[in-house]
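Participant: Got a structure here, written out as structure tokens. Questions coming.
The values are calculated or read from the model by the stated rules, or taken from the named source; none is laboratory data. The model shown is predicted, which means the values in this text are computed figures rather than measured ones. Reconstructed Cβ throughout: ideal geometry from the backbone, glycine too, with neighbour counts over all protein chains shown.
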Amino acid sequence: MHWRPPDDRTVRHAQYKETALKFALLVLKAPFQHQASASALAFARASLDQGHQLVRVFFYEEGVQNANRLAAPSAPDTNLVHLWSNLASEQGVDLVVCASAGLRRGLREANLAPGFRISGLGQLIEATIIADRLVTFGG
Amino acid sequence: MHWRPPDDRTVRHAQYKETALKFALLVLKAPFQHQASASALAFARASLDQGHQLVRVFFYEEGVQNANRLAAPSAPDTNLVHLWSNLASEQGVDLVVCASAGLRRGLREANLAPGFRISGLGQLIEATIIADRLVTFGG
Amino acid sequence: MNKPLPALHIVNKSPFAASSLEQCLQRLAVGDSLLLIEDAVYAAITEEIWDGLRTQPNKPARILALSPDLCQRGLADKSLAEGIEQVDYAGFVELVTTHNPIHSW
Amino acid sequence: MNKPLPALHIVNKSPFAASSLEQCLQRLAVGDSLLLIEDAVYAAITEEIWDGLRTQPNKPARILALSPDLCQRGLADKSLAEGIEQVDYAGFVELVTTHNPIHSW
Amino acid sequence: MSAKRIMFVLRNGKTAGPSTDERIEVAMMAQAFDQEVHLAYLDDGVFTLAAGPDDLAALLAKIEESDISHIWVEQQSLAERGLADLVLPDLFAVLDRHQIIELMGQMHMVIPG
Amino acid sequence: MSAKRIMFVLRNGKTAGPSTDERIEVAMMAQAFDQEVHLAYLDDGVFTLAAGPDDLAALLAKIEESDISHIWVEQQSLAERGLADLVLPDLFAVLDRHQIIELMGQMHMVIPG
């Protein structure tokens with residue numbers, strides 16, 4: 001029962017360096033509730049800067065509030081919803097909001113910020129299977 | 001510097017019993033995040049049952065999510081948004097959502113559940129001034 | 001009514017996960033009471049939690065645990081630590097009328 | 001790569017407010033490291049927090065505190081408790097590559 | 001690709017409420033994807049196992065339906081909370097803390113709860 | 001109607017982030033309604049006063065603008081966190097725990113932070 005890298009680790013996208021890993025992130029807290037969302041975003045940027053691949057950022061539980069287009073904090077540079085959208089448009093990062101967690105909290109397609117998509121919990125598991133590492137923020 | 005009852009305590013609405021007090025409630029957590037919202041609702045009902053007056057329930061910080069009409073949990077009898085709306089329609093309780101806290105979190109008139117109204121933080125202070133007691137849930 | 005009322009302190013977090021019960025107990029005035037709700041009711045069934053109380057300057061006049069929250073956690077049949085009373089929501093409201101301020105930790 | 005990697009434990013809550021640092025320290029395996037982020041960096045500047053570490057079965061191989069979070073809290077100039085290193089987000093990413101699983105408490 | 005060992009660590013009491021269900025949903029989904037799913041009840045998480053026979057039966061039904069078969073409960077967490085004599089279904093194995101630590105080290109992913 | 005004495009108890013660190021501002025906003029609003037506003041920094045709340053001269057200056061500007069004049073910092077909370085030598089503006093009075101307890105007992109309302 002020793003740790004083994006997943007079998008697909010040798011197959012890598014050309015843009016990533018030889019030692020690059022695939023990361024998946026899980027965000028569990030709302031942007032105004034907790035620093036977790038800001039920490040996850042900073043980690044995401046730093047991992048891309050180092051040439052790692054960000055397989056997916058999955059938003060679950062209160063984390064679904066990160067995708068709420070209607071959220072408008074007074075200081076726009078601290079608007080984490082915008083900052084996540086920017087990450088998606090600049091770097092093509094896949095930002096997925098859990099459909100059932102979103103439904104429970106009123107997050108729908110109609111109020112979804114650009115760059116996010118709503119999908120099933122299976123997308124988290126799929127990311128977990130593909131990725132070399134899963135890092136959770138706001139546990 | 002001793003505690004004094006507010007000067008208006010002798011003036012009371014006819015429907016309340018002689019020893020009735022005026023309560024204000026402050027709710028700071030989202031319904032799915034925390035039990036605080038359910039605790040506040042149970043306290044609100046129990047205080048009305050005993051003939052006290054509920055001046056206002058004020059929703060602040062993450063508590064603004066209690067007013068999100070779009071929230072749809074799988075089990076409707078645990079849908080706290082509906083249960084708060086019911087309290088407002090049955091008992092005429094004033095449910096106020098903080099405008100600025102709501103704006104930051106994407107809570108607008110368009111997705112406001114029945115029985116809630118959006119207003120300023122001054123409504124919390126006003127309730128605090130009128131009320132004999134302020135009870136905070138989710139601090 | 002010129003005499004100030006004692007305060008009611010409400011704690012809602014598990015004593016195993018958070019420091020708020022301990023921090024609340026350090027700030028009690030003589031005559032204040034303590035109400036345990038939500039996950040704080042876990043403290044009510046744990047005798048050892050209250051050992052430290054002897055070192056606190058002021059003991060609560062009454063310590064109460066919200067019975068629906070005990071019930072919801074399957075703890076209704078458990079014996080409570082010495083001196084802790086059960087109270088329902090009607091009792092919670094009653095406590096609020098006889099105390100002020102109401103201090104949620 | 002057949003050898004298992006050590007785990008990285010991430011704690012994000014203040015040791016004065018929550019028990020998660022203590023609970024994490026009780027579950028370290030030999031060779032695991034500990035990263036303090038967000039309010040957990042308050043632990044990094046407090047020597048007494050680590051006194052209890054001697055009673056834990058396993059000490060972390062490394063203890064690190066996230067420097068931007070220290071900075072944001074005005075603690076950048078404070079001396080850290082003995083043996084605690086500062087690390088930035090690049091270092092955080094590096095730690096994630098050299099450890100697995102990544103365990104957030 | 002071989003299955004990954006994923007441990008869901010359940011360490012919270014009930015105040016977080018419905019979130020407990022959301023954590024179990026993820027574990028069930030992982031099992032549906034044929035991963036090797038482990039549930040570990042530590043710290044206040046063990047209190048959720050004491051929440052009466054009805055709640056435990058509902059949890060057990062979900063777990064059995066999803067074929068999750070590795071369910072661990074830390075003995076020290078039970079003892080610290082006065083629950084050492086808690087009667088649990090056979091599917092729940094009580095482990096010593098050092099066994100839990102060893103298991104955690106064998107996981108590919110750990111997801112907190 | 002005479003003014004009420006309302007104490008805002010600030011006991012949290014920075015992770016909760018913007019919420020800290022939201023708590024100060026309530027206090028400022030209460031002052032704008034001519035209530036007798038007290039701010040009490042206890043427990044991890046004192047860490048927010050150590051968050052560098054810029055942050056403290058910004059807080060001070062808000063407080064001065066709103067005429068809040070009763071600001072208390074608990075000495076024991078500072079000492080426990082190694083902040084006993086923290087230099088604070090004159091507006092912030094460091095009080096002993098028993099003085100804080102006495103003040104709390106004189107409030108009409110206490111709002112947690």
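Participant: I'm told D:Asp51 meets every condition in (1) more than 9 Å from every other protein chain (Cβ to nearest Cβ); (2) closer than 15 Å to D:Val11 by Cα except one. Can you identify the failing condition by its number?
Facilitator: (2)
Participant: Could you go through segment C:52-59 and let me know if any residue there is in contact with a strand residue (DSSP E or B) (Cβ under 8 Å, 6 or more places away or on another chain), among the basic types (Lys, Arg), under 23 Å from F:Pro112 (Cα atoms) and in contact (Cβ under 8 Å) with a residue 12 or more places away in the chain.
Facilitator: No: segment C:52-59 contains no residue that is in contact with a strand residue (DSSP E or B) (Cβ under 8 Å, 6 or more places away or on another chain), among the basic types (Lys, Arg), under 23 Å from F:Pro112 (Cα atoms) and in contact (Cβ under 8 Å) with a residue 12 or more places away in the chain.
Participant: Inside segment B:1-50, can you point out the residues that are among the aromatic types (Phe, Trp, Tyr) and at pLDDT 85 or above?
Facilitator: Matches in segment B:1-50: B:Phe23, B:Phe43.
Participant: Got a sec? Which of F:Ile63, F:Ile6, F:Ile68, F:Ile24 is among the β-branched types (Val, Ile, Thr), within 14 Å of the chain's Cα centre (by Cα) and within 23 Å of B:Arg105 (Cβ to Cβ)?
Facilitator: That would be F:Ile24, the only listed residue that is among the β-branched types (Val, Ile, Thr), within 14 Å of the chain's Cα centre (by Cα) and within 23 Å of B:Arg105 (Cβ to Cβ).
Participant: Given the criterion surrounded by 18 or more Cβ atoms within 10 Å (Cβ to Cβ), of a type in the set (Lys, Arg) and within 26 Å of A:Ala42 (Cα to Cα), identify the matching residue among D:Arg27, D:Arg73.
Facilitator: From the options D:Arg27, D:Arg73, the qualifying one is D:Arg73.
Participant: Based on this model, can you work out whether E:Ala30 counts as farther than 19 Å from C:Glu38 by Cα and among the aliphatic types (A, V, I, L, M)?
Facilitator: Here the answer is yes, as E:Ala30 does meet what is asked.
Participant: Residue check: is C:Gln23 at pLDDT below 95 and over 9 Å from the mean Cα position of the chain (by Cα)?
Facilitator: No; evaluated as a whole, the condition is false for this residue.
Participant: Suppose the filter is more than 30 Å from F:Asp54 (Cα to Cα) and either touching a Phe, Trp or Tyr at 6+ places or on another chain (Cβ under 9 Å) or hydroxyl-bearing (Ser, Thr, Tyr) (or both); does D:Ser67 pass it?
Facilitator: Taking the combined requirement at face value, the residue does not satisfy it.
Residue by residue, here is whether (1) small (Gly, Ala, Ser); (2) closer than 20 Å to A:Gly139 by Cα holds:
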position	(1), (2)
D:Val11	no, yes
D:Ala17	yes, yes
D:Gly52	yes, no
D:Cys71	no, no
D:Asp88	no, no
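Participant: Which condition number does D:Asp39 fail, the rest of (1) surrounded by fewer than 22 Cβ atoms within 10 Å (Cβ to Cβ); (2) out of contact with any strand residue (DSSP E or B) (no Cβ under 7 Å at 6 or more places or on another chain) being met?
Facilitator: Among (1) surrounded by fewer than 22 Cβ atoms within 10 Å (Cβ to Cβ); (2) out of contact with any strand residue (DSSP E or B) (no Cβ under 7 Å at 6 or more places or on another chain), the lone unmet condition for D:Asp39 is (1).
Participant: Quick one: E:Ala84 ticks every box in (1) in contact with a helix residue (DSSP H, G or I) (Cβ under 6 Å, 6 or more places away or on another chain); (2) more than 9 Å from every other protein chain (Cβ to nearest Cβ); (3) over 23 Å from C:Ala44 (Cα atoms) except a single one, so which number is it?
Facilitator: With (1) in contact with a helix residue (DSSP H, G or I) (Cβ under 6 Å, 6 or more places away or on another chain); (2) more than 9 Å from every other protein chain (Cβ to nearest Cβ); (3) over 23 Å from C:Ala44 (Cα atoms) applied to E:Ala84, the lone miss is (3).
Participant: Can you find even one residue in segment E:89-105 that is closer than 25 Å to C:Leu80 by Cβ and either within 11 Å of the chain's Cα centre (by Cα) or touching a residue at least 12 places away in the same chain (Cβ under 8 Å) (or both)?
Facilitator: No, segment E:89-105 has no match at all.
Participant: Another question, then. Can you name the residue in segment D:66-96 that is among the polar types (S, T, N, Q) and over 24 Å from A:Lys29 (Cα atoms) and, of all such residues, is farthest from the other protein chains (Cβ to nearest Cβ)?
Facilitator: Per the criteria, the residue is D:Gln86.
Participant: Still on this structure: Go through (1) at positive phi; (2) in contact with a strand residue (DSSP E or B) (Cβ under 6 Å, 6 or more places away or on another chain) and name the single condition B:Gly51 misses.
Facilitator: (2)
Participant: Could you please give the count of residues in segment F:87-113 that are over 28 Å from B:Leu26 (Cβ atoms), surrounded by fewer than 18 Cβ atoms within 10 Å (Cβ to Cβ) and either facing another protein chain (nearest Cβ under 7 Å) or modelled with pLDDT under 95 (or both)?
Facilitator: 3
Participant: Any residue in segment D:54-62 that is among the β-branched types (Val, Ile, Thr) and facing another protein chain (nearest Cβ under 8 Å)?
Facilitator: Within segment D:54-62 (the criterion being among the β-branched types (Val, Ile, Thr) and facing another protein chain (nearest Cβ under 8 Å)), the answer is no, since none of the residues qualifies.
Participant: Could you tell me which numbered condition D:Ile45 fails, if it satisfies all but one of (1) closer than 30 Å to C:Leu21 by Cα; (2) away from chain F (no Cβ under 13 Å)?
Facilitator: (2)
Participant: Which of the residues that make up segment F:66-88 are of a type in the set (Asp, Glu) and without any contact (Cβ under 8 Å) to a residue 12 or more places away in the chain?
Facilitator: Passing the criteria: F:Glu80, F:Asp85.
Participant: Related question: Show me the strands (runs of 3 or more DSSP E) found entirely inside segment A:69-139 where at least 1 residues are within 14 Å of chain E (Cβ to nearest Cβ) and within 22 Å of D:Glu38 (Cβ to Cβ).
Facilitator: Passing ranges, in order: A:133-137.
Participant: Still on this model: Restricting attention to segment F:23-50, and to residues there that are among the aliphatic types (A, V, I, L, M) and under 17 Å from F:Ala84 (Cβ atoms), which single residue is modelled with the lowest pLDDT?
Facilitator: So the residue we want is F:Ala50.
Participant: List every residue pair whose Cβ atoms sit under 6 Å apart, with the two residues 6 or more apart in sequence or on different chains, where the first one lies in segment E:42-60 and is at positive phi and the second, anywhere, is in a helix (DSSP H, G or I).
Facilitator: What qualifies is E:Asp43/D:Gln23; E:Asp43/E:Ser77.
Participant: Another question about this same structure. Could you count how many residues in segment C:76-92 are surrounded by 19 or more Cβ atoms within 10 Å (Cβ to Cβ) and under 24 Å from B:Asp49 (Cα atoms)?
Facilitator: The total comes to 3.
Participant: Quick one: count up the residues across segment C:96-105 that are closer than 17 Å to C:Leu21 by Cβ and in contact with a Ser or Thr (Cβ under 7 Å, 6 or more places away or on another chain).
Facilitator: Looking only at that region, the number is 2.
Participant: Does B:Val55 meet the test of being modelled with pLDDT of 95 or more, away from chain F (no Cβ under 12 Å) and assigned to a loop (DSSP other than H, G, I, E, B)?
Facilitator: no
Participant: Let me ask you something else. Could you pull out the residue among E:Met28, E:Met7 that is under 28 Å from D:Glu22 (Cβ atoms) and touching a residue at least 40 places away in the same chain (Cβ under 8 Å)?
Facilitator: E:Met7
Participant: Would you mind finding the one in B:Ser119, B:Ser100, B:Ser39, B:Ser85 that is surrounded by fewer than 18 Cβ atoms within 10 Å (Cβ to Cβ) and in contact with a strand residue (DSSP E or B) (Cβ under 8 Å, 6 or more places away or on another chain)?
Facilitator: None of the others qualify; the one that does is B:Ser119.
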